[in-house]
Each structure stands twice: as C-alpha cells, then as structure tokens.
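The structure appears below as structure tokens.
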Amino acid sequence: MSTSPNASRLFNASCLALIVTAMSFAIRGAAMSSWTEEFGLTNEQVGWINGTAFWGFTLAMVFGGPLCDAIGMRRIVGLAFVGHLAGILLTIFAWDYWSLFGGTLLFGIANGSVEAACNPLIAALYPNNKTTKLNQFHVWFPGGIVIGGLVGYLMGKLGLGWQAQFATMLLPLAAYAVLFVGQSMPKTERVEMGVSTGDMFAACLHPVFLLLVVCMLLTAATELGPNQWIPNILENAGVSGLLVLVWITGLMAVGRQFAGPFVHRLQPLGMLLGSAILSAAGLFLMSQTSGPMLFASATVFAFGVCFFWPTMLGYTNERFPKTGALGLDIMGGAGMLR
C-alpha cells in the first residue's frame with residue numbers, strides 16, 4: 001500500500017465514480033417509460049421509484065459526512081461501490097415495483113456516498129486549490145449525463161433494451177474500483193486539523209454558514225430545475241429539447257474543466273455573482289427566442305449555471321474549514337432538496 005496518497009489517481013477514481021452516478025440519472029430517466037409498460041406500473045409508481053433516488057442521495061450525504069471523519073473515506077467509497085453494483089444488478093433483474101424501488105434506492109445511497117466521500121477527499125488532496133479542483137471533479141456530473149444520454153440513445157437505435165443500457169455502467173464501476181483499491185487515503189481536513197466534534201457542529205450553526213445553505217438551495221434549483229422542464233417545453237415549441245439539454249450539459253462540463261483562470265481572477269464570490277447574472281439573462285432570453293437562437297440563449301444559461309454547485313462547495317469549505325466533511329455534505333444535500 002502507498003505510504004502517501006496518490007492525488008492524481010484518487011482524483012481520477014473519484015471522477016469515474018461520479019460518471020457512474022450521473023449515468024444512472026440519464027439511463028434511468030430514459031428507462032422509465034419502458035417500466036410502465038413492462039411492469040404495468042402507473043405514472044405515480046414510477047414517480048415514487050424515481051424520487052427515491054433523490055432522498056436516498058440526500059440521506060447518504062448528510063449521514064456520510066460525519067462517518068467520513070469517524071470511519072474514514074475509504075469505507076464510504078466501499079459503500080458506494082457495493083451500492084452501485086447491487087443497484088445495477090437488482091435493476092437489471094427486477095421483477096416488480098418493489099425490486100425497481102429497491103434498486104433505485106441502492107443507487108441513491110451509492111450516489112450520495114460518492115459525493116459524501118469524494119468532495120472531502122478532493123478538498124483534503126488539494127487544500128490550496130479546492131474550488132478549481134472541485135469544479136474539475138464536477139465536470140463529470142454533466143459529462144456523465146451526456147455519456148449516459150448518448151449510450152441510451154445509441155443502444156436504443158440498435159434495439160438494445162434498458163437492461164443492456166444499465167449494464168454499461170459496470171465498466172466505469174470496475175474502473176473506479178481498480179483505481180481506489182490499495183490506495184492510501186488522507187484523513188479529512190477536520191481530523192487533520194484536530195477540530196473537535198463540538199466545534200464542527202458549532203461551525204455548522206454559524207449564521208453565515210446557514211445563509212450559504214439557503215443560497216445553495218437557490219443556486220441548485222436554478223441549475224437543476226430548468227434542466228428538467230426544458231425538454232418538454234421546447235418540444236412543444238417545435239425544437240428538440242433533448243438537443244438543447246445536451247448542449248447545455250456539454251457546455252457546463254467544458255466550463256467546469258477550465259474554471260481555474262476564472263477562480264483566480266474573479267475569486268469565488270465574483271464567480272457566483274457573475275453566474276447569477278448570466279443564469280437570469282439566459283432564462284429570460286430562452287423565454288423570448290425560438291429556433292436556432294434558442295441555442296445561443298441556452299449557451300448564456302449554461303455558462304451561468306456551470307460554476308454554481310462546485311463553487312458553492314469550494315467557497316463554503318474555504319470559509320468554514322471546521323465544518324469539514326459534514327459541511328460539504330450538508331451543502332450537497334441541500335442542493336438535492338428541490
């Protein structure tokens with residue numbers, strides 16, 4: 001076993017784990033219409049199945065934060081792997097509503113565990129460059145959605161069913177397992193700093209930290225909310241909503257990959273202010289334009305929202321380092337409550 005953490009290997013492993021997380025959202029979204037037919041489910045039942053992915057995600061993040069400090073990030077990553085593997089297999093071999101529900105719940109817990117472990121892991125690996133590296137890590141949430149969306153589209157065209165599409169997630173799952181195995185993990189920053197549990201909870205109750213949690217609710221709603229209704233609304237307007245969504249998601253990935261210069265020039269608060277302005281402008285322009293101009297409006301919106309999530313995490317951790325993994329996971333959990 002390595003005596004010191006291999007930062008680049010652990011970072012790449014974390015990115016692959018996030019790809020599995022994002023692919024699960026895209027592939028499950030495409031499979032839901034098939035589930036109603038194959039299993040005789042109502043739209044309400046499919047909604048409950050889909051919803052469990054989100055509250056499972058949030059619960060895993062909130063409880064995973066303190067556990068990262070107590071039992072180490074390695075065990076939380078192990079939980080994510082087991083949850084992903086079990087979720088994939090249970091979903092592929094599902095036979096009724098409850099097996100689909102259970103498989104999706106396992107996915108939610110695994111996805112939340114990835115965020116619970118990997119955000120503090122990256123903060124610990126890159127203590128002097130948190131915001132930039134968290135932006136680059138979160139490239140792979142929109143990137144993974146694009147990958148999952150394209151996999152679903154192409155395999156559907158080839159006549160391959162949703163079970164085969166879910167099976168494709170086994171490839172990045174195996175890859176991140178191989179990269180994590182045998183690696184030395186750093187301690188979380190809170191443990192390394194010697195911050196007590198009482199001081200951690202006190203920092204999480206600081207008024208400014210609570211204000212940032214409220215801001216996370218707003219920024220996450222701005223990023224994730226419109227992306228859910230854009231396809232349906234634009235389809236009704238005669239434009240391929242899926243193409244616009246893929247365009248937005250792809251631009252978000254590109255923006256996060258090259259976040260470094262913006263972080264150094266604007267600082268996190270400047271980035272958040274600029275993001276808010278561009279997001280509002282992009283939404284307004286999309287409501288006023290049609291045809292090809294929608295892609296120009298979507299470009300403005302994409303570059304507005306792309307920095308929100310990782311910059312909020314990075315800034316909060318830099319501003320309140322004593323909150324440690326719990327602080328990061330409270331922020332991420334708040335982002336999923338929409």
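Take I88 and tell me if it is hydrophobic (A, V, I, L, M, F, W, C) and closer than 19 Å to A26 by Cβ.
yes
Spot the failing condition for I109; the list is (1) under 12 Å from the mean Cα position of the chain (by Cα); (2) under 21 Å from A325 (Cβ atoms), and only one is missed.
Condition not satisfied by I109: (1).
If the Cβ limit is 8 Å and pairs must be 6+ apart or interchain, which residue in the stretch 181-200 that is farther than 17 Å from G327 by Cβ pairs with which residue that is of a type in the set (S, T, Y)?
Pairs found: G182/S2; Q183/S2; S184/S2; S184/T3; S184/S4.
Here are some conditions: (1) at pLDDT below 80; (2) surrounded by 17 or more Cβ atoms within 10 Å (Cβ to Cβ); (3) of a type in the set (K, R). R256 meets all but one. Which one does it not meet?
Every listed condition holds for R256 apart from (1).
Scan the stretch 322-330 and tell me whether some residue there is surrounded by fewer than 24 Cβ atoms within 10 Å (Cβ to Cβ), of a type in the set (G, A, S) and touching a residue at least 12 places away in the same chain (Cβ under 8 Å).
Within the stretch 322-330 (the criterion being surrounded by fewer than 24 Cβ atoms within 10 Å (Cβ to Cβ), of a type in the set (G, A, S) and touching a residue at least 12 places away in the same chain (Cβ under 8 Å)), the answer is no, since none of the residues qualifies.
Among the helices (runs of 4 or more DSSP H) contained in the stretch 126-212, which hold 3 or more residues that are at pLDDT below 90, within 27 Å of F81 (Cβ to Cβ) and under 20 Å from the mean Cα position of the chain (by Cα)?
130-137, 140-157
When you check G335 against the structure, is it modelled with pLDDT of 75 or more, touching a Gly at 6+ places or on another chain (Cβ under 8 Å) and buried (at least 22 other Cβ atoms within 10 Å of the Cβ), yes or no?
No.
The values are calculated or read from the model by the stated rules, or taken from the named source; none is laboratory data. Since the structure is predicted, the reported quantities are computational estimates derived from the model, not experimental observations. Don't worry about glycine lacking a Cβ; one is built from the backbone with ideal geometry, like all the others, and counts go over all protein chains shown.
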